[in-house]
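A.B. asks: The structure's right below; bear with me while I get my questions together.
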Amino acid sequence: MKNFKFYHSYLILFIFAGLFLNSCKDNNTPEPTSYEYYLSSELKTQITSQEAAANFIKAAPEAVAISPLIRFDVEVYKITYKTTFKEKNIQASGLVCFPKAAGNYPILSFQNGTNTVYSDAPSVSSDNDMFSIMESVTSMGFIVVIPDYIGFGASENIPHPYLDAKSSTQSILDMIRAAKEYSTDAKVLAKASKDLFIFGYSQGGWATMELQKTIEKDYSSEFNLKASSCGAGPYSIEYMNKYIVDKIDYSKPYFLAYLLNSYDIIDAFTNPLTDFIQAPYAAKIPGLFDGKHSGGAINAELTTQMANFLTPEYRAGYATDAKYAGVRSAFTSNSITAWNATTPMKLFHGADDDLIPSGLSQKMLADFKTKGMTDSKIQLVIIPNVGHETGVYPTGMQTILWFLSLLK
């Protein structure tokens, strides 16, 4: 009898424990969802609406005029996601920023400019001034996505494939897809709509235009692309190569060094760097792109005098010599050719930009119009009295205001 009472009491305890555990599981720990792209998340920071307003005003005092448009607090997450590079599955990362308010929101994907330092990747340096501003844009009613690019963040074990169209576009698309998947999580109040805005500057301007072309061509049913803002990008690498080769002095030699070193690593051509770059610089270059040297530090190890930096053979023969056929092919395949785009576009460029000249944006505008685009679809904004580095903030402010006008 004692044994029966003991087992009876044990059975009741077991049943109640099971009911309690099942109740906790049902209410607090839903079964994990299987995602195609999204892997994991980490909360990086939270931004109040007041802090968001302060971030804008810090960058541009005139931004006080847009303070009434700032409505939401913001949560900023680093996410890791699945993508591919050179036909292999890899993990990449970036930032996703959500309004802390329930509702459906369009995604705004921001592609940042040229970076050579691991610690400056968006998911590592989320408090960087430019990234803080883009994170704060979330407070106006967007889900903001900021990819790290392959070669940074979770994928820093892979050398960054600088200005490689295929891998750049694929990794950004998969980042946007991962962000949309993550927004379906029950703990995330903000849900992603199908609408997409894209914006980038410098390398990011090029990446944004490549992304737009790919979405319009192959993924228009997946993404409702609302607008594209491309700032001061090296859209034609062929144009940029000629511009730099023809210069007596080019203040940022690391740009061409980064490009040639990257294309060498991904086997875009078979030439050694010594076919393009003179000693002692050619031997230095691979070690300078180690994720620890900034663009300024790399420039200090090179020379701004193109006659001393580039080989005479390359300067004289890059356009016609069979020796350089491989590099010409790489430049062509990663340059953007205009098309009759269906998405509203704005091109921004600083009038005093001597790193990527405004003439390139003017050429792209003319090419787009030749393909059939009209003034109602594409516009070039030349910003007076600013260069390449000083053009990013005015480009960003005008882009944000334009995007907001399209939400109405």
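A.B. asks: Of the residues 109, 123, 139, only one is farther than 22 Å from residue 36 by Cα, crowded, with 24+ Cβ neighbours inside 10 Å and in contact with a strand residue (DSSP E or B) (Cβ under 7 Å, 6 or more places away or on another chain); which? So that I can check it myself, show each step before the final result.
C.D. replies: Numbers: 109 fails: farther than 22 Å from residue 36 by Cα; 123 fails: farther than 22 Å from residue 36 by Cα.
After ruling out the rest, the residue left standing is 139.
A.B. asks: Please go through the range 282-318 and give me each residue that is loosely packed, with under 13 Cβ neighbours inside 10 Å and not in a helix (DSSP H, G or I), ordered by number.
C.D. replies: Of everything in the range 282-318, those that are loosely packed, with under 13 Cβ neighbours inside 10 Å and not in a helix (DSSP H, G or I) turn out to be 290, 292.
A.B. asks: Next up: Would you point out the residue of the range 32-52, among those that are under 17 Å from residue 140 (Cα atoms) and under 23 Å from the mean Cα position of the chain (by Cα), that is surrounded by the fewest Cβ atoms within 10 Å (Cβ to Cβ)? Reasoning before the result, please.
C.D. replies: Initially, the range 32-52 is screened for residues under 17 Å from residue 140 (Cα atoms), giving 46-52.
Now narrow it down to the ones that are under 23 Å from the mean Cα position of the chain (by Cα): 46-47, 52.
Working: 46: 11, 47: 21, 52: 24.
Of everything passing the filter in the range 32-52, 46 is surrounded by the fewest Cβ atoms within 10 Å (Cβ to Cβ).
A.B. asks: Just to be sure, is residue 136 within 22 Å of residue 393 (Cβ to Cβ) and more than 15 Å from the chain's Cα centre (by Cα)? Before the answer, list the steps.
C.D. replies: Values: within 22 Å of residue 393 (Cβ to Cβ): yes; more than 15 Å from the chain's Cα centre (by Cα): yes.
Answer is yes for this residue.
Rundown of residues vs (1) in contact with a Lys or Arg (Cβ under 6 Å, 6 or more places away or on another chain); (2) at pLDDT 95 or above, yes/no style:
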residue	(1), (2)
69	no, no
73	yes, yes
81	no, yes
85	no, yes
89	no, yes
94	no, yes
98	no, yes
105	no, yes
110	no, yes
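A.B. asks: Of these, 138, 114, which one is touching a residue at least 40 places away in the same chain (Cβ under 8 Å) and touching a Ser or Thr at 6+ places or on another chain (Cβ under 9 Å)?
C.D. replies: Going through 138, 114 in turn, just one is touching a residue at least 40 places away in the same chain (Cβ under 8 Å) and touching a Ser or Thr at 6+ places or on another chain (Cβ under 9 Å): 114.
A.B. asks: Search the range 58-87 for residues being polar (S, T, N, Q) and touching an Asp or Glu at 6+ places or on another chain (Cβ under 9 Å), and hand back the single one that is surrounded by the most Cβ atoms within 10 Å (Cβ to Cβ).
C.D. replies: Initially, the range 58-87 is screened for residues polar (S, T, N, Q), giving 67, 80, 83-84.
Then drop every residue that is not touching an Asp or Glu at 6+ places or on another chain (Cβ under 9 Å), which leaves 80, 83-84.
Details: 80: 20, 83: 23, 84: 15.
Selected residue: 83.
A.B. asks: Quick one: how many residues across the range 330-374 are small (Gly, Ala, Ser), assigned to a loop (DSSP other than H, G, I, E, B) and more than 20 Å from residue 201 (Cα to Cα)? Don't jump to the end; show me each part of the working.
C.D. replies: Looking only at the range 330-374, we keep the residues that are small (Gly, Ala, Ser), and these are 330, 333, 335, 338, 341, 350-351, 358-359, 361, 366, 372.
Keeping just the survivors that are assigned to a loop (DSSP other than H, G, I, E, B) gives 335, 338, 341, 351, 372.
Remaining after also requiring more than 20 Å from residue 201 (Cα to Cα): 372.
The qualifying residues number 1.
A.B. asks: Looking at (1) out of contact with any strand residue (DSSP E or B) (no Cβ under 6 Å at 6 or more places or on another chain); (2) polar (S, T, N, Q); (3) in contact (Cβ under 8 Å) with a residue 60 or more places away in the chain, find the lone condition where residue 214 falls short.
C.D. replies: (3)
A.B. asks: Please specify each residue of the range 350-386 satisfying the condition of being among the small types (Gly, Ala, Ser) and surrounded by 15 or more Cβ atoms within 10 Å (Cβ to Cβ). Working first, answer last.
C.D. replies: Here is the first cut: in the range 350-386, the residues among the small types (Gly, Ala, Ser) are 350-351, 358-359, 361, 366, 372, 376.
Of everything in the range 350-386, those that are among the small types (Gly, Ala, Ser) and surrounded by 15 or more Cβ atoms within 10 Å (Cβ to Cβ) turn out to be 350, 358, 361.
A.B. asks: Right, here's the next one. Evaluate the following for residue 319: is it in contact with a Lys or Arg (Cβ under 9 Å, 6 or more places away or on another chain) and in the same structural domain as residue 203 (by TED's automatic domain parsing)? Break it down stepwise before answering.
C.D. replies: Working: in contact with a Lys or Arg (Cβ under 9 Å, 6 or more places away or on another chain): yes; in the same structural domain as residue 203 (by TED's automatic domain parsing): no.
No: the conditions fail for residue 319.
A.B. asks: Quickly run through the range 190-226 and pick out the residues that are in a helix (DSSP H, G or I) and closer than 23 Å to residue 139 by Cβ.
C.D. replies: Kept after step one, since they are in a helix (DSSP H, G or I), are these residues of the range 190-226: 203-218.
Across the range 190-226, the qualifying residues are 204, 208.
A.B. asks: Here is a follow-up. Suppose we keep only residues that are outside any helix (DSSP H, G or I) and more than 23 Å from the chain's Cα centre (by Cα) within the range 242-266. Which one would you say is surrounded by the fewest Cβ atoms within 10 Å (Cβ to Cβ)? Give the steps one after another, and end with the answer.
C.D. replies: Let us first name the residues in the range 242-266 that are outside any helix (DSSP H, G or I), namely 247-253, 266.
Next, only the ones that are more than 23 Å from the chain's Cα centre (by Cα) stay: 247-251.
On the way: 247: 16, 248: 8, 249: 11, 250: 21, 251: 12.
For the range 242-266, the residue satisfying everything is 248.
A.B. asks: Another question about this same structure. Which condition does residue 279 not pass, out of (1) over 25 Å from residue 152 (Cα atoms); (2) part of a helix (DSSP H, G or I); (3) of a type in the set (Gly, Ala, Ser), if it passes all the others?
C.D. replies: (2)
The values are calculated or read from the model by the stated rules, or taken from the named source; none is laboratory data. Model, not experiment: these values are computed from the prediction. Heads up, the Cβs are rebuilt from the backbone with ideal geometry, glycines too, and the neighbour counts pull from every protein chain shown.
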